[in-house]
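I'd like to ask some things about the structure below.
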Amino acid sequence: MRLFLAQEFHDISPPVDYSLVPTWLIFATAFVTLALLGLIAWWIARRMRRPKPEQSPRVRALGLLRQARPDIAETTPYAFSIRVSDILRRYVVEQYQLPITRQTSVEFLEGIASARTFSEDERTLLGDFLNRCDLIKFARYEATTADSELLLEEAMRFVEGGKLEPA
């Protein structure tokens, strides 16, 4: 028994680190992997939200004028002339950067009389259109749906850059 007591007890040895990869490398790899996943997710989300190519003022105006055509019968000529006039005015502002929305029809027509921006046919067509609109809007001309159709046709011809039809 004495023999047993004579033996010394040794402390328990600490755990042995047997990993071949350092701890800092594990954390660095996790960080880089998460950063790459986040970057890929951001890139995919950005590509999916890519804005559609913006339409030209001409394409946009023609689309709005075509949408207005079915409403000729249901809308009063007064309201229809305002709608078509607004579309055409917005087109001229966007396409030619002219302040047509802040001028009367007469002021605008005088301003473009010598401008090279418009051909003679376009000036005539625009003048006729604006005069018809002014008659309907301000002189309270009793317009019909035929007048509204003519107004729409003139606006579309102007936006398309068409020539005057021979009389």
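The values are calculated or read from the model by the stated rules, or taken from the named source; none is laboratory data. Just so it is clear, the model here is predicted, and its values are computed rather than measured. All Cβ positions, even for glycine, are placed from backbone atoms using ideal geometry, and neighbour counts span all protein chains on display.
Filter the stretch 94-112 down to the residues that are assigned to a loop (DSSP other than H, G, I, E, B) and at pLDDT 75 or above, then identify the one that is surrounded by the most Cβ atoms within 10 Å (Cβ to Cβ). Quick ask: steps written out before the conclusion?
We begin by selecting, within the stretch 94-112, every residue assigned to a loop (DSSP other than H, G, I, E, B); these are 97-99, 103-104.
Among the residues that remain, those that are also at pLDDT 75 or above are: 97, 104.
Details: 97: 8, 104: 12.
Here the residue is 104.
Under the condition of being among the small types (Gly, Ala, Ser) and under 24 Å from residue 95 (Cβ atoms), which residue from the stretch 131-158 is farthest from the chain's Cα centre (by Cα)?
Of everything passing the filter in the stretch 131-158, 148 is farthest from the chain's Cα centre (by Cα).
Given the criterion acidic (Asp, Glu) and farther than 30 Å from residue 90 by Cα, identify the matching residue among 54, 8. Steps first, answer last, please.
Values: 54 fails: farther than 30 Å from residue 90 by Cα.
Matching residue, one of 54, 8: 8.
Follow-up question, since we're still on this one. Only residues in the stretch 107-119 that are under 21 Å from residue 159 (Cβ atoms) count as the first member; pair them with residues that are among the acidic types (Asp, Glu), Cβ under 9 angstrom, at least 6 apart or cross-chain, and list the lot.
That search, which allows pairs on different chains as well, returns 112/122.
Somewhere in the stretch 29-36, is a residue in a helix (DSSP H, G or I) and in contact with a helix residue (DSSP H, G or I) (Cβ under 6 Å, 6 or more places away or on another chain)? So that I can check it myself, show each step before the final result.
The first filter runs over the stretch 29-36 and keeps only residues in a helix (DSSP H, G or I), leaving 29-36.
Keeping just the survivors that are in contact with a helix residue (DSSP H, G or I) (Cβ under 6 Å, 6 or more places away or on another chain) gives none.
No, there is no match, as no residue in the stretch 29-36 is in a helix (DSSP H, G or I) and in contact with a helix residue (DSSP H, G or I) (Cβ under 6 Å, 6 or more places away or on another chain).
Free of Cβ contacts under 8 Å to residues at least 24 places away in the same chain and under 30 Å from residue 125 (Cβ atoms) - does that describe any residue in the stretch 14-35? Don't jump to the end; show me each part of the working.
Residues of the stretch 14-35 free of Cβ contacts under 8 Å to residues at least 24 places away in the same chain: 14-35.
Next, only the ones that are under 30 Å from residue 125 (Cβ atoms) stay: none.
Looking through the stretch 14-35, none of the residues is free of Cβ contacts under 8 Å to residues at least 24 places away in the same chain and under 30 Å from residue 125 (Cβ atoms).
Scan the stretch 76-87 and give yes if some residue there is in a helix (DSSP H, G or I), surrounded by 13 or more Cβ atoms within 10 Å (Cβ to Cβ) and more than 27 Å from the chain's Cα centre (by Cα), otherwise no.
Yes: one or more hits.
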